[in-house]
Amino acid sequence: MVSIEEAQALILSRVAPLGAEEVPLLAALGRISAEDAVAPWDIPSADNSAMDGYAFALDSLADGRLTVCDFVPAGVTRSEPVPAGCAVKIMTGAPLPPGCDTVVPVEDVEDDGDAIRLRGEARRGDHIRRRGEEVTDGSVVVAAGNLLRPQEIGLLASLGRTTAPVFRRARAAVLATGDELLQPGSIPEAGKIINSNSSSIAAQLLDAGAEPLMLGIARDDREVTRRKVGEGLQADLLITTGGVSVGDRDFVREALADLGGELLFWKVNMKPGKPVAFAVVGGKPVFALPGNPVAAMVAFEQFVRPALLKMAGHGRLFRPVVRGTLTETVKNRGDRPHLVRVAVRLEAGRYLLATTGDQGSARLTSLTSGNGLVKIPAGRTFAAGDEVEVQLLDRHFELGTGTDETR
């Protein structure tokens with residue numbers, strides 16, 4: 001049996017970023033850049049006005065009065081020099097006419113119709129954006145490995161890009177196992193349960209930026225399980241739920257062995273989620289998660305999500321961890337670290353943590369009521385008011401400490 005940290009290290013040592021693909025620019029949102037994006041020109045491409053106002057040569061300003069000789073809207077270039085003693089009315093973003101070195105905003109002048117008079121002093125270079133002051137031709141504007149947010153998408157568009165090279169999203173096969181399972185939409189029967197795991201895991205995959213491929217349910221039969229596992233290996237990785245404990249009818253590990261898989265571990269020292277297996281079959285990672293819904297989802301967060309993010313080119317692989325204050329006593333009487341589900345709220349600049357009630361590994365409501373996990377070491381008790389580390393599960397939670405690269 002391995003620790004959580006040992007399991008994570010083993011997994012990450014056996015997965016690597018997938019290949020790159022070129023996608024339409026908007027489809028690259030939230031993806032990781034696979035190549036440096038190099039500017040093909042300067043931004044701005046020419047000196048231009050930063051304000052709606054008047055452009056002129058400061059040396060030609062004698063008594064604070066200038067004759068208005070032209071109008072230059074955005075998108076229009078005036079090639080003729082502006083005569084001494086004259087100004088041109090200019091719009092924001094319009095190229096600075098030859099001979100001009102200063103711009104004054106419209107609100108800082110008195111407009112007499114054909115002439116203007118400055119209300120105050122002007123300084124050479126005021127309100128001018130210089131060519132290349134934001135981006136210079138040949139510079140790297142978005143480095144490989146960067147998360148493409150809306151601002152990076154806009155910057156790439158300003159460089160004329162309509163597509164972007166990004167790391168490919170993982171295609172992850174999802175397989176539930178067990179004769180007791182019914183598909184969602186079925187009428188409940190005695191001794192049967194609805195397969196919620198596949199839907200939960202698929203949602204977690206989507207949240208992590210992966211593409212789920214639903215394989216349905218494998219009945220408790222060695223050959224059926226082997227065939228379904230083999231089908232799942234056509235994807236980039238396979239996730240199974242159930243079938244990895246010590247029961248006589250748990251066939252997942254047998255199927256992995258039949259297919260020549262290398263089993264890296266099959267138990268993790270944690271609660272919930274002890275019966276977790278990780279194998280590599282033909283170079284494809286396989287995660288065999290517990291059948292209990294909470295255990296499966298918690299194990300996904302600790303082991304599958306970091307692997308998916310690495311495969312997608314991310315550098316930050318784990319959910320953010322902050323320190324919070326418990327609002328109640330929490331005990332772990334067991335001999336394994338317990339990942340306790342908690343509700344996290346930010347109050348007066350502090351994160352306050354309350355447990356979500358019954359912590360049974362089959363109770364999905366212990367997760368729906370919460371947004372974080374607190375790791376309680378074996379045999380430890382923490383009192384109300386104690387500070388502990390909490391892993392935040394909800395990517396929409398307002399941290400107030402900056403952005404999380406993984407979301």
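One table, with the values for the structure above:
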quantity: Scan of the stretch 361-407 for residues that are at pLDDT 95 or above and either exposed (fewer than 15 other Cβ atoms within 10 Å of the Cβ) or among the charged types (D, E, K, R) (or both), ordered by number; calculated: Lys375, Pro377, Ala378, Gly379, Arg380, Thr381, Ala383, Ala384, Gly385, Asp386, Glu387, Glu389
quantity: Test for Arg345: is it surrounded by fewer than 16 Cβ atoms within 10 Å (Cβ to Cβ), closer than 27 Å to Leu206 by Cβ and not assigned by the TED database to the domain that holds Gln204; calculated: yes
quantity: Candidates Leu66, Leu12, filtered to the one that is more than 26 Å from Gly132 (Cα to Cα), among the hydrophobic types (A, V, I, L, M, F, W, C) and surrounded by 16 or more Cβ atoms within 10 Å (Cβ to Cβ); calculated: Leu66
quantity: Residues within the stretch 160-206 that are under 17 Å from Leu237 (Cα atoms) and either of a type in the set (A, V, I, L, M, F, W, C) or touching a His at 6+ places or on another chain (Cβ under 8 Å) (or both), tallied; calculated: 12
quantity: Some residue of the stretch 76-86 being assigned to a loop (DSSP other than H, G, I, E, B), among the β-branched types (Val, Ile, Thr), closer than 30 Å to Leu148 by Cβ and not assigned by the TED database to the domain that holds Val141; calculated: no
quantity: Hey, Gly273 farther than 23 Å from Ile194 by Cα and either touching a helix residue (DSSP H, G or I) at 6+ places or on another chain (Cβ under 7 Å) or at pLDDT 95 or above (or both) or not; calculated: no
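Yes or no, residue by residue, for (1) at pLDDT 95 or above; (2) surrounded by 14 or more Cβ atoms within 10 Å (Cβ to Cβ):
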{"site": "Gly53", "(1), (2)": "yes, yes"}
{"site": "Asp59", "(1), (2)": "no, no"}
{"site": "Asp112", "(1), (2)": "no, no"}
{"site": "Gly138", "(1), (2)": "yes, no"}
{"site": "Ala143", "(1), (2)": "yes, no"}
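Conditions tested, residue by residue: (1) touching a helix residue (DSSP H, G or I) at 6+ places or on another chain (Cβ under 8 Å); (2) without any contact (Cβ under 8 Å) to a residue 24 or more places away in the chain; (3) within 24 Å of Ala235 (Cβ to Cβ); (4) of a type in the set (Asp, Glu).
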{"residue": "Phe287", "(1), (2), (3), (4)": "yes, no, yes, no"}
{"residue": "Phe303", "(1), (2), (3), (4)": "yes, no, yes, no"}
{"residue": "Leu308", "(1), (2), (3), (4)": "yes, no, yes, no"}
{"residue": "Met311", "(1), (2), (3), (4)": "no, no, yes, no"}
{"residue": "Gly324", "(1), (2), (3), (4)": "no, no, no, no"}
{"residue": "Asp335", "(1), (2), (3), (4)": "no, no, no, yes"}
{"residue": "Leu339", "(1), (2), (3), (4)": "yes, no, no, no"}
{"residue": "Val344", "(1), (2), (3), (4)": "no, no, no, no"}
{"residue": "Arg350", "(1), (2), (3), (4)": "no, no, no, no"}
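The values are calculated or read from the model by the stated rules, or taken from the named source; none is laboratory data. All values derive from a computational prediction rather than experimental measurement. Positions of Cβ are backbone-derived with ideal geometry, glycine not excepted, and every protein chain shown enters the neighbour counts.
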